[in-house]
Structures are given as structure tokens and as C-alpha cells.
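Derivation of every value follows stated rules applied to the coordinates shown; laboratory data play no part. Not measured: the values here are computed from a predicted model. Ideal geometry is used to build each Cβ from the backbone, glycine not excepted, and the neighbour counts take in all protein chains shown.
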Amino acid sequence: MNKEQKSAVVDRVASQIQDAAAIFAIDYRGISVKQAMELRSALGESGTRFQVVKNRLTARAADRAGAEQLKGLLEGPTAFAFVQGDAAVAAKAISAFRRQNGVLEWKGGTMDGETVTIEQIEAIARLPARDVLHGQFVGVLASPVTSLVRGLASLVSGIAIQLQQIQEQGLVGGEAPAAESEEATPAEEPTPAEEATPAEEPTPAEEAPGDAAAEAETAEEGEPEPAAEDADPAEQETSEAPSEGEQPEEPQEG
């Protein structure tokens, strides 16, 4: 490989380092060419490229990409899995390949620019796929939200029912209570006592006070004066007695 070819490899690896969301460093000792091709095919589904490059060229690419932490992993035969898709799917595929073929060992790596250890990579391999994880996360979030929405709907429905009952009872609105009050006020509906009260039908004295006085006067005028015989005997004797100058007539003998 001449200088220009090496420079092209360094540029390609540096570009892959910069574009990758996660990078897994793997000890590839013992893997065959056929197995390497099978692994590359399995990793293609997660948008991962399995790349074997000389450590010296990879170190230059790490310097150019600003990924100094990768240089500490370049001990012994080292291959890199440059993940542009779901890191969990890529880690699962490599872990499954390791169990089936008894080759490959984790060395470490980076994710979103941060260093990850072997234990962390193995933990990532046990995670569900991103789509599955998103679905579970949404389900966890949706459960309390759904309960909240149902609770609010029930509360609003209960308030609406109570307001309807209050309205039917005439406790809201200014007209309904007045109407009921007017219907139930006994003062506006005459009671039987008021209908038959004598104050509404004038008494005889109230109907014609003048006529009553006139009738009284007429009754006094129409009554005959007492006869002379009804007069006081003392007065009669006084009137029949002769005056002082007169002499009583003596009875003439026949």
C-alpha cells in the first residue's frame, strides 16, 4: 500500500469515526474471512460497518477525527464496528455472533463521543431495540396520561351533571328563583279569608252613613207626640187651677 492509498484509508476511517453514533472496538483474533462476511451481513441491518484496519492507520484517523480515546484501545488485533443506526441492535448482533462462533472479544468503545466500557457494551446488548424501547417508554408515559385524561373527563362530566341539577332546581340564573318565589308567595294569591273579608263588602253603616242619619231623623219626626193625657199630672193640675184674680164659678142650682 503506497502513501496515497494509506492517506485514503486514513481519510475514510476518520470520516467513519465522525459519522458514527457509536463505535465498538473488538478483538477479532480467530475469525475467518467467511465469518467476517457473515458478521458484516448481520450488522448491515443496523447500519453498522465492520472494519479491520491497521492500528497505526487507525490511530492517525483518530487524531484527524478528534477521537483520542480510541487510541487507547489499539492494542493487539483490533477491528471497529462503526454504528450509524441502533447501537443496541448492533451490540446484540455481535453478542449473538460471539456465542455462536466462540470468537470476538469486546475491548471498549465510544457512544455519542463518550467512552463506554466492556460492561456497558454488554448492558447495551441486553437492551431492547430502539423501536421496542420507544414503544415501551410511550406506553409507560401514556398509562398515567390516559388515567389523568379519564379522571379529568369524569370530573368534568360530574361537574356538568351537578350544574344541570342546580339549573333544574332554579339555583342558577336570576329568573328561575323569582318565578318559583312568585308562585309560592301566599301574599300574591288571595287566601279564602281575604276573599270573604267584610272589608271588601261595605257594612250598612259604611255604605250610607248619611242615609242612616236621615232615617234616624225621619223616624224622630214621624213619631207622634205624646197625648195630653200622657202629660205630667202636676203640669195638668197647674194649668187647670184658676188664677188669683178669678173666682171659681159656683155651680148654679137648677
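At 25 °C and 0.890 mPa s, grab the translational diffusion coefficient of segment 9-127 from Stokes-Einstein with a Kirkwood Rh over Cα pairs, rounded to a whole number in µm² per second.
So the translational diffusion coefficient is about 176 µm²/s.
Give, as a single signed number, the net charge of other residues whose beta carbon lies under 11 Å from the beta carbon of residue 82, with Lys and Arg counted +1 and Asp and Glu -1.
Value of the local net charge: +1.
Straight-line reach from residue 107: which lysines have Cα under 19 Å away, leaving out those fewer than 8 places along the same chain?
Of all the lysines, those that pass the test against residue 107 - Cα under 19 Å, at least 8 places apart if same chain - are 54, 71, 92.
Calculate the spin-label point distance for residue 15 paired with residue 33, positioning each point 7 Å from the Cα along the beta-carbon direction, and give it in nanometres.
For residue 33 paired with residue 15, the spin-label model returns 2.6 nm.
Kindly rank 115-123, 74-82 from highest to lowest mean number of other beta carbons found within 10 Å of each residue.
The most tightly packed comes first, giving 74-82, 115-123.
Find out how many positive minus negative residues lie around residue 56, taking Lys and Arg as positive, Asp and Glu as negative, among other residues whose Cβ is under 12 Å from that of residue 56.
+3
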